Amino acid sequence: MRDQNRVPLLEALSVWSKRDPISYHVPGHKNGAIIPAMEQAEEVFKHVMAIDATELTGLDDLHDAYGVIKEAEELASELYGSAQTRFLVGGSTAGNLAMMMAVCQQGDTVFIQKNCHKSIINGLRLTKAKPVFISPEMEHRSQVATGITVGSLKEAIRIYPEARTLVLTNPNYYGMSVEIEKVIALAHEHHLTVIVDEAHGAHFGKSGYFPKSSIAHGADLVVHSAHKTLPAMTMGAYLHVVNEDYRSKVNDYLQILQSSSPSYPIMASLDLARYHLSSLTHEQLTQIVSEVDWFKKSLNHIDGVTVIDHATSSVSTIDPLKVTVQVKGLSGFQLADELEQESIFPELADSLNVLLVLPLAPKQENYKKTIQVFKEIALKSRTNPVISYNIEIDKEISTPAYSFEELEKMSKREIEVKEAIGKISAKAVIPYPPGIPVVMPGERFTSKHVKFLLNVLSEGGHVQGMMGNTITIALEEE
């Protein structure tokens with residue numbers, strides 16, 4: 001058992017920085033010695049630039065790790081129970097692409113959970129695999145997509161027995177999971193390789209307070225965004241190789257997909273995030289979860305405020321660090337605006353909800369302020385009429401009307417979104433956050449899609465893949 005109290009990469013960077021080294025190497029800021037003459041710049045960047053190093057003696061090499069980076073990755077692997085864990089400096093996006101390319105080949109039939117992140121769609125585009133989309137269940141109070149069921153996977157296998165890969169998203173952005181253990185077991189019974197985008201579950205499995213990780217359920221490859229719930233810098237993530245058969249290919253593709261000049265501050269923060277998770281005691285976790293429960297109950301007791309929790313939700317498993325909140329008389333977008341005016345910034349808003357991502361640390365004073373703000377917002381908004389909705393996902397197994405290769409050859413045109421019903425989308429159309437495609441490339445727009453997108457735009461939401469009120473369609477031959 002390795003000493004999880006070590007932070008080898010951070011320790012090495014600290015020792016190196018204290019040597020007051022003279023730099024004749026990149027990066028050009030020379031260990032923070034050259035910062036533009038601007039007070040804000042020096043205040044913000046001086047300390048982080050001091051450890052923004054490169055592959056110097058004693059600091060190892062992410063792409064051929066033999067020293068402190070290797071040790072840091074091995075500590076993470078031991079903590080999570082994987083065969084190998086790799087540090088990612090391009091976020092879970094880099095991990096999802098590497099996993100897809102390691103497993104999928106051109107022409108392969110691949111089962112994809114339809115509420116996947118856009119990086120999975122980009123992985124399909126790169127591999128030229130044939131996607132079969134399996135629609136997820138819907139959580140009835142929040143009206144957000146959750147995960148696929150054993151029944152829907154059985155049906156997909158019946159129709160497409162040639163498929164050999166299943167790509168899951170667990171939990172969803174809102175921390176909700178559905179029968180992931182049974183889905184993975186069924187997939188393996190039918191010799192499907194299971195890839196899991198578990199970006200929001202970097203803390204899963206730490207204790208009984210949190211859901212189990214899909215690593216423990218036997219998924220073959222899993223990615224975690226450490227920066228989402230652990231104290232890692234943005235773009236810091238882990239790729240866990242659970243099935244040894246894919247170690248070599250995953251590492252080969254990470255060489256291609258990750259920068260040859262990886263960020264040492266990001267890597268050091270991954271080392272530190274692993275340490276933070278490993279060091280949390282049962283008593284500390286009990287205090288964190290106790291404060292979270294108090295926070296949720298206090299919000300729920302406010303007239304006009306609803307928290308989507310186990311008592312009100314149609315799903316059995318919700319990450320306690322994710323709090324989905326609704327306020328009567330306000331859309332999610334309006335509620336987010338009200339909160340931001342009080343310097344409270346939620347993770348995202350949709351047509352119905354705001355999502356709060358809570359820290360893996362005690363924060364009772366912040367919770368008290370937030371509760372008071374919600375009381376004030378609810379008091380002045382409860383009489384407002386509001387009609388808001390999220391998109392209804394058809395319960396079906398589907399494939400795009402046109403493949404990526406076919407789309408590339410088709411002419412494109414910009415049209416008003418209100419005219420898009422029946423047309424073929426040339427791009428993924430993605431409200432962001434959460435970065436979940438509403439319409440996939442090659443899919444045909446339905447009236448539900450158009451109505452939902454117009455609603456998002458009217459309420460101030462942002463949609464990637466659109467320019468104002470226009471979208472790009474692919475023109476079919478007459």
message: So if I check each of Leu299, Leu254, Leu277, Leu285, which one is in a helix (DSSP H, G or I), within 24 Å of Ser14 (Cα to Cα) and either touching a Gly at 6+ places or on another chain (Cβ under 7 Å) or touching a residue at least 40 places away in the same chain (Cβ under 8 Å) (or both)?
response: Leu277
task: Give the residues of region 376-386 that are in contact with a helix residue (DSSP H, G or I) (Cβ under 9 Å, 6 or more places away or on another chain) and either surrounded by 14 or more Cβ atoms within 10 Å (Cβ to Cβ) or aromatic (Phe, Trp, Tyr) (or both), sorted by residue number.
output: Ile377, Ser381, Val386
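Among the residues of region 188-210, write down those that are without any contact (Cβ under 8 Å) to a residue 60 or more places away in the chain and crowded, with 23+ Cβ neighbours inside 10 Å.
From region 188-210, those without any contact (Cβ under 8 Å) to a residue 60 or more places away in the chain are 188-191, 194, 196, 198, 208; that's our starting set.
Answer for region 188-210, where residues must be without any contact (Cβ under 8 Å) to a residue 60 or more places away in the chain and crowded, with 23+ Cβ neighbours inside 10 Å: Val194, Val196, Glu198.
So, of the residues in region 143-156 that are in contact (Cβ under 8 Å) with a residue 40 or more places away in the chain and either in contact with a strand residue (DSSP E or B) (Cβ under 9 Å, 6 or more places away or on another chain) or assigned to a helix (DSSP H, G or I) (or both), which turns out to be surrounded by the fewest Cβ atoms within 10 Å (Cβ to Cβ)? Give the steps one after another, and end with the answer.
If we filter region 143-156 for residues that are in contact (Cβ under 8 Å) with a residue 40 or more places away in the chain, which is where we start, we get 143-146, 152-153, 155-156.
Then drop every residue that is not either in contact with a strand residue (DSSP E or B) (Cβ under 9 Å, 6 or more places away or on another chain) or assigned to a helix (DSSP H, G or I) (or both), which leaves 144-146, 152-153, 155-156.
Details: Val144: 26, Ala145: 24, Thr146: 26, Ser152: 20, Leu153: 24, Glu155: 14, Ala156: 22.
Here the residue is Glu155.
So for region 357-375 (the condition being assigned to a strand (DSSP E or B) and either more than 22 Å from the chain's Cα centre (by Cα) or of a type outside the set (Lys, Arg) (or both)), does at least one residue qualify? If you could, list the steps in order and put the result at the bottom.
Pass one, region 357-375, residues assigned to a strand (DSSP E or B): 357.
From the residues that got through so far, the ones that are either more than 22 Å from the chain's Cα centre (by Cα) or of a type outside the set (Lys, Arg) (or both) too are 357.
Scanning region 357-375, I find at least one residue that is assigned to a strand (DSSP E or B) and either more than 22 Å from the chain's Cα centre (by Cα) or of a type outside the set (Lys, Arg) (or both), so the answer is yes.
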Exclusive hit being in contact with a helix residue (DSSP H, G or I) (Cβ under 7 Å, 6 or more places away or on another chain) and either buried (at least 24 other Cβ atoms within 10 Å of the Cβ) or not hydroxyl-bearing (Ser, Thr, Tyr) (or both), set Ile112, Ile159, Ile121: Ile112
- prompt: Which is surrounded by 21 or more Cβ atoms within 10 Å (Cβ to Cβ) and farther than 17 Å from Ala76 by Cα, of Leu254, Leu221, Leu230, Leu270?
  reply: Leu254
statement: Residues of region 420-455 being surrounded by fewer than 20 Cβ atoms within 10 Å (Cβ to Cβ) and either out of contact with any strand residue (DSSP E or B) (no Cβ under 9 Å at 6 or more places or on another chain) or assigned by TED's automatic domain parsing to the domain that holds Ala145 (or both), in sequence order, are Ser447, Lys448, Lys451, Leu454, Asn455
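The values are calculated or read from the model by the stated rules, or taken from the named source; none is laboratory data. Just so you know, these numbers come straight off a predicted model, no measurement behind them. Cβ: placed from backbone, ideal geometry, glycine included. Neighbour counts: every protein chain shown.
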